[in-house]
Amino acid sequence: MRTALILLFLLALAAVPGSIVPQSAVDALAVGRWRDEHPTLTPIYDGLGLFSVYESIWFSAIYLLLMVSLVGCFVPRIRIYLRGIRARPPGAPRNLSRLPQFRSFDVDEPSDVALERARAVMRKKRYRVDLVSTLRQAQDTAGSTTEGSVAAERGYLREAGNLLFHVSVLLVLVGFGVGNLFGYKGGVIVVSGQGFSNSLSQYDDFAPGSLFDPEDLAPYNLTIEDFDVQFLRNGPQAGMPTDFSADVTYREEPGLPERTHTLAVNHPLSLEGGSVFLVGHGYAPRVTVRDGEDNIAYRGPVIFLPQDSTFASFGVIKVPDAQPEQLGFQGLFLPTYGFSMETGPVSRFPDALDPVLSILPYRGDLGLDTGAQQSVYELDKKNLEVFKNDKGGDFRLDMALGQTKQLPDGAGSITFDGLDRWAKLQISDTPGKPLALSGVILALLGLLGSLFIRPRRAWVRVASRDGRTFVELGGLDRSAGGGLEEEIDDLERQLRGPSAGSPTEAHKGKT
Amino acid sequence: MTAAEFAAFSNNAIAFASGIYALAFVSHLVEWVLGRNVATAAPQMVVVGAPPPSGGQASLAAGRGDDLRIETSGRIGVALTVVAGLLHLAALVTRGLAADPVRVPWGNMYEFSIAGTLGVTAFYLALLRRHHLRWLGPVVTGFNVVVLMLAVLILYVEAGPLVPALDSYWLVIHVIAAIIATGAFTVGGMASLLFLVKQRAESRGEPGGTGYVARLPESSVLDRVAFRMHAFGFPIWTFAALIAGPIWAEYAWGRYWGWDPKEVWAFITWVVYAAYLHARATAGWRGRAAATIALVGLATLLFNFVGINFFFGDTSQHSYALSVITAHSGLG
């Protein structure tokens, strides 16, 4: 018990750093930022596994020890319990008045009736009853005595609840472990009108469990037909999204009939081998870029990532096919354009009321041919040069919807054709979910049993002497729940029956 | 009434409820001061306030008139608490009605504070008679005054609709369970705290002690009340944090457990209270050690409620509890 206590505390303590230090499994970007800001601490934290606390050796060690202690605790207890559950209630102690609760009174019934009543009353109160000794004669100095006793016990299920709780905790851990090992979680941004098919290459990020096989990905595909978002237009919380949803069509397998679903927060699409969740959204301006030779070098939507609640979004456009030089653009998309001298261009509202692209054009080498991995949301500006305006400053393009702007030196043009929205989908499968859920529900049931079932023992001794029947009643609480006194009071009332005698002795100890 | 009128009513009702809680607190304070047999200067201790005439040894040397006055102030305190509780409830209901569309009134921290303190009052009043809890009166009313004041001063936001992530019936199930468990743990924590105070007085052999402590029930009674509160709260917390929460998280975020800071601390709270229940059944840990663990549990619970949103606001997916958020919390 003491070991388990200490391990529980260690577990609680060990969980704390994971809420303070960014976790790579939760937010990889935040971990990257943190690493950049703390170059000296990073290697130490890396060594301690502080960026993935819940997968670290020391965290695993604590909960594995806890599991061992759990098993070591309840296996012997199951044996004891199985033996105990078949045992008869122990006989009455010699001196009932030493028990925490004790009553003694006399009744006007013959002793055999009183004894039978005691048995019936205990039965009715759901005690397991054992008539330890039937009436027998005894002779002592006080005269002739007839004596008998009833032993009763109840609350056997408390320990069962306790054991169920501990076993269920193991079930939950197993279910959780299965999910972590065989599950996966991936994210992908899909522009409205475009599709996604469930294969590894389509994901923007993918985090498989260590035993997950990408071959097992279910072969479904889906298309986002339409994306709808509503923002609160006025009031103090204006700008808050009130609703967003995506109409999707999907096929569970190629060749199967197409079906539709409205994907929304709290309303995922559940498929065989994974569920699709809508977790975010943003804007994808459609642009056409013509190069210096007036050929269309790029046409299509470009995903911009929202930076704040106004949906001012950052993005880049890479045009590797532009001639004679490659072109690149980087800047902000502002759904509702605003401007002030202090802040420069800003977005005043998250909905696309007055959409403006505010970007800087670059020319040179995008660095795509080197073979190195490159983010689609970043320009590698090593070999790029920003266009300059007449005054020698950076040449900025501010374009409203439908506008076309020429680049300096006849390097080309860019047109802001239209606006799409994109949805961020999270696709994940967590096997072992039913196991974990049933485990935690069973644990709760066991917990309720172990907390609220009150195991008690009670004994009644009936003795008749000189034509009078004396009843002694003693009670013992086998848990710390309290309430024994009320229970024994109630038993006393019922034992006295219709013919109430007068109490001769009682003590109500601490319960 | 219009939504704006409901909102205004709710704000006024909270102000009045706080005022009446304060009066109830004062009334319990008077009860204590009289019971202390020092009818003059106001006591310097503020938090702990009043004695229960029902708590065993009634007044010490005070006359009959004092007894009556003590009982009267105590009763006035309880009556005022009932009035404040009703206003408090009205404030919560109208807060929900003030939103368009009408919704459950626990969508942000301000509303959760109001709902949680109402839970504390409800608990205290519901168990007042059965467990003779009047000795908790000053602590409950004092606590509620402080929390409501902080809520109004720091956490207040205008009534408005829910962010989409919260728009689910699991909000009703998950949060109401969390509120009930928070209420039970808070009242249980108060009892544990008083248990520690009382036990210290007992072990020093100060039967008289200062008025309030002397009039508290025996430490064993305090311990039992504390245990019952925690035993009631723990399964509900288990349900709120480890069943309803994960199910909702699975629907909303696509993972039932993601070690989000709020989840981590809910788990820590669960582990600490599990340790409390364990400690109470372990020789050598009963009594003081167990009560201390219960208080640690309460600290983690409150930290989870307040601290996470303030310190880790931008990294927690639960951060909408603080204020308006963007709906792209899932973005890389």
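Remarks
- Within the range A:338-366, the set of residues being assigned to a strand (DSSP E or B), buried (at least 20 other Cβ atoms within 10 Å of the Cβ) and either not assigned by TED's automatic domain parsing to the domain that holds A:Y377 or not hydrophobic (A, V, I, L, M, F, W, C) (or both) comprises A:S347, A:P361, A:Y362, A:R363.
- Every pair of residues 6+ apart whose Cβ atoms lie under 6 Å, when the first sits in the range B:138-154 and is under 12 Å from B:A24 (Cα atoms) while the second is surrounded by fewer than 22 Cβ atoms within 10 Å (Cβ to Cβ): B:G142/B:V47; B:V145/B:A22
- In the range B:216-256, the residues that are among the polar types (S, T, N, Q) and out of contact with any Asp or Glu (no Cβ under 8 Å at 6 or more places or on another chain): B:S220, B:T238
- Filter result (hydrophobic (A, V, I, L, M, F, W, C) and within 15 Å of B:D167 (Cα to Cα)) within the range B:89-114: B:A99, B:V102, B:V104, B:W106
- The range A:25-59, residues that are crowded, with 16+ Cβ neighbours inside 10 Å, more than 11 Å from chain B (Cβ to nearest Cβ) and not β-branched (V, I, T): A:R35, A:Y45, A:G49, A:L50, A:F51, A:S56
- Filter result for A:P268 (without any contact (Cβ under 8 Å) to a residue 40 or more places away in the chain, surrounded by 17 or more Cβ atoms within 10 Å (Cβ to Cβ), under 24 Å from the mean Cα position of the chain (by Cα) and more than 9 Å from chain B (Cβ to nearest Cβ)): no
- Checking each residue in the range A:271-295 for being away from chain B (no Cβ under 11 Å) and either more than 30 Å from A:I414 (Cβ to Cβ) or polar (S, T, N, Q) (or both) picks out A:L271, A:E272, A:G273, A:T288, A:N295.
- Search result, residues across the range B:120-139 that are surrounded by fewer than 21 Cβ atoms within 10 Å (Cβ to Cβ), assigned to a helix (DSSP H, G or I) and in contact with a helix residue (DSSP H, G or I) (Cβ under 9 Å, 6 or more places away or on another chain): B:A122, B:L125, B:L127, B:L128
- Hey, A:G84 part of a helix (DSSP H, G or I), touching a residue at least 24 places away in the same chain (Cβ under 8 Å) and surrounded by fewer than 14 Cβ atoms within 10 Å (Cβ to Cβ) or not: yes
- On inspection, A:D247 fails the criterion of being within 7 Å of another protein chain (Cβ to nearest Cβ), part of a strand (DSSP E or B) and acidic (D, E).
- Among the residues making up the range B:263-297, those that are at the interface with another protein chain (Cβ under 7 Å from one of its Cβ atoms) and part of a helix (DSSP H, G or I) are B:V264, B:W265, B:F267, B:I268, B:V271, B:V272, B:A274, B:A275, B:H278, B:A279, B:R280.
- Residue in the range A:15-36 that is among the polar types (S, T, N, Q), part of a helix (DSSP H, G or I) and over 18 Å from the mean Cα position of the chain (by Cα) present: no
- Selection of first residues in the range A:1-24 that are within 21 Å of A:H166 (Cβ to Cβ) and more than 7 Å from chain B (Cβ to nearest Cβ) and of second residues that are among the hydroxyl-bearing types (S, T, Y) and in a helix (DSSP H, G or I), restricted to Cβ pairs under 7 Å at least 6 apart or on distinct chains, gives the following pairs, ordered by first then second residue: A:T3/A:S69; A:L7/A:S69.
- Looking only at residues in the range A:147-179 that are surrounded by 19 or more Cβ atoms within 10 Å (Cβ to Cβ) and among the hydroxyl-bearing types (S, T, Y), the one that is modelled with the highest pLDDT is A:S168.
- Among residues of the range B:226-262, those that are more than 9 Å from chain A (Cβ to nearest Cβ) and modelled with pLDDT under 90, counted: 1
- Among the numbered conditions (1) without any contact (Cβ under 8 Å) to a residue 40 or more places away in the chain; (2) touching a Gly at 6+ places or on another chain (Cβ under 7 Å), the only one that B:S203 does not meet is (2).
The values are calculated or read from the model by the stated rules, or taken from the named source; none is laboratory data. Note that the coordinates shown come from a computational prediction; the quantities given were computed from them, not determined experimentally. Cβ atoms come from the backbone with ideal geometry, glycine included; neighbour counts cover every protein chain shown.
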